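This report refers to the structure that appears directly beneath it.
Readers should treat all values here as calculations from the given coordinates under stated rules, not as data from a laboratory. If you're wondering where the values come from, they're calculated on a predicted model, not measured in any experiment. Counting neighbours? That spans all protein chains shown, and the Cβs are built from the backbone with ideal geometry, glycine included.
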Amino acid sequence: MYDAIVVGARCAGSPTAMLLARQGLRVLLVDKASFPSDTLSTHYLHPPALDILRGWNLLDRVERCGAPPIERLTWRYRDLEIAGFPVNPYGMTAVYAPRRYVFDMILLSAALEAGVEFRDRFAVQELVRADSGRVTGIKGRYQAGATVVEKAGIVVGADGMRSLVARQAGAITYRLEATLTCQYYGYWAGVDGSDNELLAGDWLGSGAIPTNDGLTTICVACPRSSLGEFRKDVAGNFLRIVREVSPDLADRVSRGERVERIYGTADIPNFIRRPYGSGWALVGDSGYHKDPLTAAGITDAFRDANLLTEAIMDGLTGMRDADAAMKEYELRRNESVMPFFQMTLDAATLEPPRGKNLDFMRALQGNQSEIDRWLGMNSYTVPVDEVLSPQYMDMVINAAAICR
Ligand SMILES: Cc1cc2nc3c(=O)[nH]c(=O)nc-3n(C[C@H](O)[C@H](O)[C@H](O)COP(=O)(O)OP(=O)(O)OC[C@H]3O[C@@H](n4cnc5c(N)ncnc54)[C@H](O)[C@@H]3O)c2cc1C
């Protein structure tokens with residue numbers, strides 16, 4: 001019998017297991033994948049994620065893992081360029097984008113060091129319930145074949161957006177939005193530039209993110225409706241979109257060399273689920289999933305690992321009523337994510353800036369402190385409502401008009 005079983009051992013699962021074990025719980029962590037391994041995701045970390053890693057004593061491992069520090073973020077749309085580093089209260093002057101097969105192993109190793117018992121190549125097939133309906137464990141199968149049942153005080157689903165735990169526990173989805181984009185990425189050697197580049201086009205997007213081994217992750221986004229056309233020639237359409245969005249990036253990419261195949265997905269739901277019930281909880285993508293255009297999934301998973309661990313421990317130690325503690329977990333998660341979720345949905349329409357938004361982006365030109373605030377909004381360090389409020393935007397637009 002374990003105190004907790006965590007299903008899924010990546011950004012949400014390994015930290016949750018680690019934090020529970022550090023509190024003295026007996027924790028079993030399982031994943032159907034084998035490790036180390038890559039997963040379908042780029043890997044940009046916002047400053048709050050790095051601050052949380054620092055709180056877990058893991059930041060130095062990320063800084064030393066071979067991913068270069070990224071000290072400048074650049075956003076471009078046609079002739080408009082906004083470049084700087086996001087305002088942040090943590091004193092961060094660089095962010096990182098470590099490859100997932102490197103990064104996920106840092107998280108998993110920290111969980112193992114905390115005393116977590118780990119089984120990979122172990123697929124959970126069912127939740128086990130008591131007569132009362134309470135979830136009391138899992139039934140799963142090793143890749144080699146043996147089926148086992150394990151019992152625990154709580155089962156945590158960190159098993160991603162297609163979560164079996166959420167489905168079997170009956171977690172309700174109370175916000176569901178349309179899928180907006182498909183996103184593809186690949187790794188290139190020999191691409192000049194050390195900025196994280198976010199490039200907006202007309203109903204298209206592209207980007208460049210420096211990562212391990214001197215490689216650059218090149219990304220493109222296009223509307224979900226163009227998936228059929230895109231798939232007819234993935235490599236050709238990928239490079240066509242990069243060129244349409246940014247001839248400058250396309251030239252730099254053409255001087256480099258692609259070193260892996262192009263990865264991508266159109267399976268990008270946008271939803272928010274209730275993250276707890278009797279004997280179970282959800283953390284990471286299993287409870288809240290959004291378009292990756294704003295690269296916030298890992299940051300969200302880390303914040304929620306902290307919040308969920310606090311709630312579980314408060315319930316177990318009697319600090320708070322267990323149900324009230326879980327309710328608060330849900331409320332605090334939603335409070336943190338709602339404005340960013342909406343901003344992500346707006347960004348994922350891939351609509352080019354126009355009207356007041358375009359005036360605002362123009363007004364930011366040359367105004368470094370406001371640029372760094374705007375970058376902060378996109379980095380989870382400045383509240384979205386503060387920057388996108390009509391009053392604030394008018395103030396920036398009017399100030400720029402006076403200065404000209
Ligand atoms: C194209 C793309 C680009 C992205 N780029 C970024 C980015 O730059 N920055 C960022 O912060 N986020 C990014 N994201 C989002 C990020 O990948 C996710 O938010 C993050 O991986 C969520 O972590 P997780 O642990 O919740 O789930 P996952 O990473 O999905 O991990 C779930 C784990 O559960 C395991 N599992 C599932 N079912 C079972 C089962 N039945 N039994 C046992 N194990 C099971 C899986 O094998 C998997 O290892 C991107 C996503 C995509 C698709």
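Data overview
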item	result
P(r) histogram, all alpha-carbon pairs of the stretch 359-400 included - 10 Å bins from 0, percent	33, 59, 8
Modelled FRET efficiency - R0 56 Å, Asn367 with Val148, Cβ distances, 0.05 increments	0.40
Where only C-alpha atoms are counted, convex hull volume of the stretch 20-179 per residue in Å³	181 Å³
Fully extended contour minus Cα-Cα distance, from Ser132 to Tyr101, at 0.36 nm per residue	7.1 nm
Sequence-distant lysines (8 or more away, or on other chains) whose Cα lies within less than 28 Å of Lys290	Lys32, Lys232, Lys327, Lys356
Förster radius 45 Å - calculated FRET efficiency between Ala401 and Ala178 (Cβ-Cβ, nearest 0.05)	0.75
Rg/Rh (Cα only; Kirkwood hydrodynamic radius) as it applies to the stretch 127-285	1.13
P(r), alpha carbons of the stretch 184-275 - 5 Å bins starting at zero, rounded %	3, 13, 25, 24, 16, 9, 5, 2, 1, 0
Once the Cα gyration tensor of the stretch 286-404 is diagonalised, semi-axes √(5λ) in Å	37, 15, 11
Under the span-like rule (Cα at least 24 Å along the axis, Kyte-Doolittle mean at least -0.5), DSSP H helices of the chain	297-317, 322-348
Full-stretch length increase - Ala94, Leu227 - with 0.36 nm per residue and alpha-carbon distance subtracted	44.4 nm
Cα gyration tensor category, rounded, prolate or oblate, for the chain with a/c compared to 1.5	prolate
Full-stretch length increase - Arg320, Val234 - with 0.36 nm per residue and alpha-carbon distance subtracted	25.7 nm
Cβ-derived FRET efficiency at R0 22 Å, Asp202 paired with Arg261, nearest 0.05	0.20
The chain - percent relative contact order, Cα under 8 Å, separation 6 or more	21 percent
Aspartates and glutamates with Cα under 13 Å of Lys151, excluding same-chain neighbours fewer than 8 positions away	Asp3, Glu126
The chain, dipole about Cα centre (Lys/Arg Cβ +1, Asp/Glu Cβ -1), debye to the nearest 20	880 debye
